[in-house]
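Presented below is the structure to which this report refers.
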């Protein structure tokens, strides 16, 4: 499972394809987003596009009101995760 620690705004090329036998992937994080937002993109033949409903912000909550620290997404192409708008983040992100 690929993991990466963000300590500033940046893009991380996960190095794996989003298309899977199960049909879905999961992104999860542990740590401090520094007020920033994680977003999943895919690159298909050089065209980088955001994956629908794939943003996780520090203030994003699930239906129970708890912090949302993982989400499931469906897409194809190479997975890219970007952190933006963060101030002094220290967060580890994993994709499966």
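Taken together, the values in this text are just the output of simple stated rules run on the coordinates, not laboratory data. Worth saying up front: this structure is predicted, and the values here are computed from it rather than measured. Don't worry about glycine lacking a Cβ; one is built from the backbone with ideal geometry, like all the others, and counts go over all protein chains shown.
What is the antiparallel percent of DSSP beta bridges lying wholly in the range 3-95, to the nearest 5?
Expressed as a percentage, antiparallel bridges in the range 3-95 total about 100.
At 0.36 nm per residue, minus the direct Cα-Cα distance, what do residue 84 and residue 32 gain on full extension? Give it in nm, one decimal, please.
Gain in length upon complete extension: 17.4 nm.
Given labels modelled 7 Å from the Cα in the Cβ direction, how far is it in nm from residue 69 to residue 57?
It is 2.1 nm.
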